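First up is the structure itself, then whatever we jot down about it.
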Amino acid sequence: MATPQQFCTFYLGEQCYGLDVLQVQEIVRSQPPTRVPLAPPMVLGLINLRGQIVTAIDLRRRLGLPERSEGGESVNVVVQTDDGAVSLLVDEIGDVLGVTHQQFERPPETLRGVARELIRGAYKLPDRLLVILDLEKIVSVTETANSPA
Amino acid sequence: MSNNEILREFLLETHENLGLLDSDLVKLEVNPGEKSTLAEIFRTFHSVKGTAGFMGLVKLQTVAHSAENLLSRLRAEEICFTPPIATALLRVVDAIREILSNVEATGGEGTGDYTALAAEVDRLRETGAADSKPSVVLQTPIANVINDGMPSARAALQAADDDRTLFVSKSLIAPPPEPQAPRSEGTTELAPAAALVLETPDVAAAADSVPAPRDFAALAAPAPDRSAPVAAALPVAAALPVADALPVAAALPVAGETPETRLGGVTDAAIRVDVGLLDKLMTLVGELVLARNQILQHSDTYEDSGLLGAVQRLNLLTTELQASVMKTRMQPIGNVLNKFPRIVRDLSLACGKKVRFDMEGRDTELDKSLIEAIRDPLTHMIRNAVDHGIEPPEVRRANGKPDEGRLRMLAFHEGGKVIIEVSDDGAGIDVMKVRDKAIAAKLITAEAAARMSRQELLRLVFLPGFSTTDRVTQFSGRGVGMDVVRTNMEKIGGAVEIESTLGEGTTVRTKIPLTLAIIPALIVSSGGERFAIPQASLLELVWLDPEQAQRGIEWLHGAPVYRLRGALLPLVFLDEQLQLSAARPEGVDINIVVLQADDRPFGLVVDAIRDTEEIVVKPLQKQLKGIAVFAGAAIMGDGRIALVLDIAGLAQQASVIAGAKNRTLTEEPDSSPAAEETQPLLLFATRGGGQMAIPLSQVARLEEFPRSNLEWLGENQVVQYRGDILLLIDVAEGMQHLAGRGAATPAASAAPDQSTETIPVVVYGSNEERVGLIVGRILDIVNEPVTVQARANRPGALFTSIVQDKVTEFVDVAALVRQAQRGAEPSTN
């Protein structure tokens, strides 16, 4: 565990999240997506990534966070999945951070709701917590919380 | 190159070779004397064997080896090529295929035992042989090649100036001279070869540009042959970068194939490319086109002629690039047709028939994905033709036809589509038998059949269920699985037609779009979003101005309908289906896109119709897979994305079509009315006052004719209706006739109710065979569950039910029509 693992970090509100840097394909400026009627609410729509059609997921909605304020900044984090590239819409992009395994801890029992199964745990950084997301679960919208209720 | 990659290459290549073997063997069976074909077969077996040995596939090597031994004797003309030999060799091909699929699936050769087959082949080699020389010469061809090739290549290398590099482009090499041609002639071949020589002073650069070593395996072999004379004649140009690849080429058994195999070879100029890579190229070119479009737009604001010129060039180049990339996906249809001679041969042998099979238009090109998709339907058509179409020789002779049946497959381009025709000179289809069979299988009613044209009856063979009947009846026509052919073709946007003359033969004609990748689509908008509708399901567009819209759209118990040329067209509002903005402003014009799903037309109401565009449909990712109304998404000319509607899915969601495909040509009155489903009914009162009903789906129109328009035709009352003569049947009177009463003088009782000026008529039935039902008064249209409350108590009624609290008789229109026609017949005699 000597080799530090690298995470691409980003923010939703004040909270810092991280995805394995190898899973992240690129960061692109937000562009208005094409809406998909009847889609699960967390699917914002489709964006054109150099000729590739990519599903854009609003990470705030996916994690059950309050909606982004009107006109708030957002960035697409394009990640690689088994099913091709998927874009996650986040508020702000952070640095790539190297952390060691010793800093990791599983989420506490008090973490409840949809987020519980989507969060693998957190790295305890000196000044904040870096929340690590389970990418496969994040993008498998069809299996969990699919219906718009 | 890793072992796995080599294995993959081997599998791919061998599969291709096997396809060739099939057709070559059949070709040879027809023309046993054709030496070039025999040589071709020999070489193929040889290279399969060689590679199998190289890969350590022992079983494969053994069977291929025995086949090769047999062939070498054939080639030496020590024995003759006979049908048993052909069969044995084809079985070897099958065995190789089996082993290969095992290798592909498990990595091992599988458990199959092929020693018996090998022994059989060996036996064939011995019998019929004049003297039995052991076949030791096998390895010589390849050895010759290498021995001949290597020294000359070496010589060339030695003569070479190391600073110069010679490129020989594979695709540019003119076809090699006759393989047996004397060496000296090689020099005369020089001129074209020399023209292909490029000089680069920089060896390193050249080395960089050398593609993967594998490509040289094929390239290297022809090269050494030429390099000697080239080097001699052009002392300036020399050293071969090929030299690096030479050991590889020598090591690969494939090399043995190259110099000789090219007899009829067009394959030389081809390389294998991963389809995924082509798709990516397509995507990138698509994006390039978009970027070009944007530049074109912006360049309008500049006056710089240099820029404009460059933009113009960019424009042309992009267009050409796009066309070329699209062409890379195209493949000659021959790739799929190659296996048919074998199928025809095997099948005709099995059926005891003689069939001559011709194919034309093997060069016709089609998108790769489509080639795969048409394989099965075509096989089916061929099977049908041999199995059911072409008669056994005795029957043919009795009918004055040559013993040998002819089966022809023809492929060609027409109007942006590929047409493939399969025609035979067999027995043809007896439409009457088709009809009887369809009626027996309850696919249609006798009445419906009576109204059908010949062409419509023929089309019955495409009905699902028609094929599932057992073949004990053995009527000589088609029908086994024709619905499968049709559905497969429709899946890829194609169509099937059938023509047949009894006793003369049958032609099945399929029309297939050139490519799946790019489809024409209609772009519409609804709720502020754009959607693409594949044109394949588009019938027509209807535009209603605000005033027409007000009147045109009627409500049938809550379900919106529009009268399209007399028929009720169910309407589906796209914004409603997609839960877009629900509020529709009043008093605007209305656009109806008339679509077809499962043969059922419906009108899709959209906000606006934009344009037609050629689109590349891309699948949706798994997050959106579950939405049935979308078939995918496409990038539009402006770079934005539009969703592509899945018309069948949309129709299903809107309940235009039922989940299961049960709407065949079965007519409502005959289908079991016990079902609890609601169906729209037209209620009317007879002159007697009783309430009667018919299914609205069969009602074409409600009319009122002035009494003065009624005319007599024989014993029947008719009226001129839209340029046709419409037979009128008075429901009340018809029922009386059927009951055997009042049969005396129809004329006297025909128009008892003279008091009114007009008579209400229900125009019943489809376009061809319409009848007008004279009723007392139209009451209502209701949507009710129909349950049989009581059996009919008189002819002319199907059953009795309670509709809207009143006892209602359901009219047996078919019986009335029969009665009217019967009534007419005696009077004409």
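The values are calculated or read from the model by the stated rules, or taken from the named source; none is laboratory data. Treat the numbers as computed from the prediction; the structure is a model and nothing was measured. Every residue, glycine as well, gets a Cβ built from its backbone with ideal geometry; the counts of neighbours run over all protein chains shown. Note: areas computed on protein heavy atoms with side chains; ligands, DNA, RNA excluded. Shrake-Rupley method; radii C 1.70, N 1.55, O 1.52, S 1.80 Å.
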Exactly one of B:Leu316, B:Leu281, B:Leu308, B:Leu277 is away from chain A (no Cβ under 14 Å), within 27 Å of B:Leu12 (Cα to Cα) and at pLDDT 85 or above, and that residue is B:Leu277
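Matching residues to (1) in contact (Cβ under 8 Å) with a residue 60 or more places away in the chain; (2) assigned to a strand (DSSP E or B); (3) in contact with a helix residue (DSSP H, G or I) (Cβ under 6 Å, 6 or more places away or on another chain); (4) under 17 Å from B:Pro534 (Cα atoms):
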| position | (1), (2), (3), (4) |
| --- | --- |
| B:Gly603 | yes, yes, no, yes |
| B:Arg610 | yes, yes, no, yes |
| B:Glu613 | yes, yes, no, yes |
| B:Leu620 | no, no, no, yes |
| B:Gln623 | no, no, no, no |
Residue tally, condition in contact with a Pro (Cβ under 9 Å, 6 or more places away or on another chain) and within 23 Å of A:Ile132 (Cβ to Cβ), over region A:1-42: 1
Looking at the structure I just gave you, is A:Gly18 under 30 Å from B:Ala291 (Cβ atoms) and touching a strand residue (DSSP E or B) at 6+ places or on another chain (Cβ under 6 Å)? no
Enumeration of residues in region B:489-518 that are more than 15 Å from B:Ile371 (Cβ to Cβ) and assigned to a loop (DSSP other than H, G, I, E, B): B:Leu502, B:Gly503, B:Glu504
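Mind telling me which of the residues A:Leu59, A:Leu63 ends up being of a type in the set (A, V, I, L, M, F, W, C), within 18 Å of A:Leu133 (Cβ to Cβ), within 14 Å of chain B (Cβ to nearest Cβ) and open to solvent by less than 40 Å² (accessible area, probe 1.4 Å)?
Only one candidate passes the filter, namely A:Leu59.
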When you go through B:Val386, B:Val355, B:Val395 one by one, which is the residue that is without any contact (Cβ under 8 Å) to a residue 40 or more places away in the chain and of a type outside the set (D, E, K, R)? B:Val395
Please verify whether region A:129-141 includes one or more residues that are assigned to a helix (DSSP H, G or I), open to solvent by 30 Å² or more (accessible area, probe 1.4 Å) and free of Cβ contacts under 8 Å to residues at least 12 places away in the same chain. no
Return only the number of the condition from (1) β-branched (Val, Ile, Thr); (2) at pLDDT below 80; (3) farther than 27 Å from B:Pro332 by Cβ that B:Ile99 does not satisfy. (2)
Can B:Asp358 be described as at negative phi and under 19 Å from the mean Cα position of the chain (by Cα)? no
Name the single residue, out of those in region B:519-548 being assigned to a strand (DSSP E or B) and within 14 Å of another protein chain (Cβ to nearest Cβ), that is surrounded by the most Cβ atoms within 10 Å (Cβ to Cβ). B:Ala532
So in region B:806-829, with the set limited to residues that are modelled with pLDDT under 75 and either over 15 Å from B:Leu728 (Cα atoms) or part of a strand (DSSP E or B) (or both), which one is most open to solvent (accessible area, probe 1.4 Å)? B:Asn829
Residues that are farther than 30 Å from B:Gln679 by Cβ, at pLDDT 85 or above and part of a strand (DSSP E or B): does region B:563-580 have at least one? no
Would you call B:Arg551 in a helix (DSSP H, G or I) and either touching a Pro at 6+ places or on another chain (Cβ under 9 Å) or not polar (S, T, N, Q) (or both)? yes
Residue selected from region B:635-656 under the condition at the interface with chain A (Cβ under 8 Å from one of its Cβ atoms) and in contact (Cβ under 8 Å) with a residue 12 or more places away in the chain, by the criterion nearest to A:Pro33 (Cα to Cα): B:Arg640
So, in region B:528-586, of the ones that are β-branched (Val, Ile, Thr) and closer than 15 Å to B:Pro601 by Cα, which residue ends up farthest from the chain's Cα centre (by Cα)? B:Val561
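Does region A:119-134 contain at least one residue that is among the small types (Gly, Ala, Ser), modelled with pLDDT under 85 and within 28 Å of B:Lys622 (Cβ to Cβ)? Steps first, please.
Our first condition is that a residue be among the small types (Gly, Ala, Ser); within region A:119-134, this holds for A:121-122.
If we keep only those that are modelled with pLDDT under 85 as well, we get none.
No, region A:119-134 has no match at all.
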Qualifying residue in region B:114-130 (condition: under 35 Å from the mean Cα position of the chain (by Cα), surrounded by 13 or more Cβ atoms within 10 Å (Cβ to Cβ) and charged (D, E, K, R)): no
Members of region B:559-583 that are open to solvent by less than 70 Å² (accessible area, probe 1.4 Å) and without any contact (Cβ under 8 Å) to a residue 12 or more places away in the chain: B:Val561
From the list A:Arg50, A:Arg29, exactly one residue is modelled with pLDDT under 90 and under 30 Å from B:Ala628 (Cα atoms). Which is it? A:Arg50
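Residues checked against (1) in contact (Cβ under 8 Å) with a residue 40 or more places away in the chain; (2) touching a helix residue (DSSP H, G or I) at 6+ places or on another chain (Cβ under 6 Å); (3) on the phi > 0 side of the Ramachandran plot; (4) not in a strand (DSSP E or B):
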| position | (1), (2), (3), (4) |
| --- | --- |
| A:Gln6 | yes, yes, no, no |
| A:Tyr11 | yes, no, no, no |
| A:Leu22 | no, no, no, yes |
| A:Pro32 | no, no, no, yes |
| A:Asn48 | no, no, no, no |
| A:Ile53 | no, no, no, no |
| A:Ala56 | no, no, no, no |
Could you please find all residues in region B:48-61 being open to solvent by 10 Å² or more (accessible area, probe 1.4 Å) and out of contact with any Phe, Trp or Tyr (no Cβ under 7 Å at 6 or more places or on another chain)? B:Lys49, B:Gly50, B:Gly53, B:Phe54, B:Gly56, B:Leu57, B:Val58, B:Gln61
Examine region B:26-47 for a residue that is closer than 30 Å to B:Ile333 by Cβ, open to solvent by less than 10 Å² (accessible area, probe 1.4 Å) and either without any contact (Cβ under 8 Å) to a residue 12 or more places away in the chain or aliphatic (A, V, I, L, M) (or both), and state whether such a residue exists. yes
What about B:Asp94, is it free of Cβ contacts under 8 Å to residues at least 12 places away in the same chain and either more than 34 Å from the chain's Cα centre (by Cα) or within 22 Å of B:Ile343 (Cβ to Cβ) (or both)? yes
Output the helices (runs of 4 or more DSSP H) that fall wholly within region B:355-462 and possess 3 or more residues being touching a helix residue (DSSP H, G or I) at 6+ places or on another chain (Cβ under 7 Å) and open to solvent by less than 10 Å² (accessible area, probe 1.4 Å), or say none. B:368-384
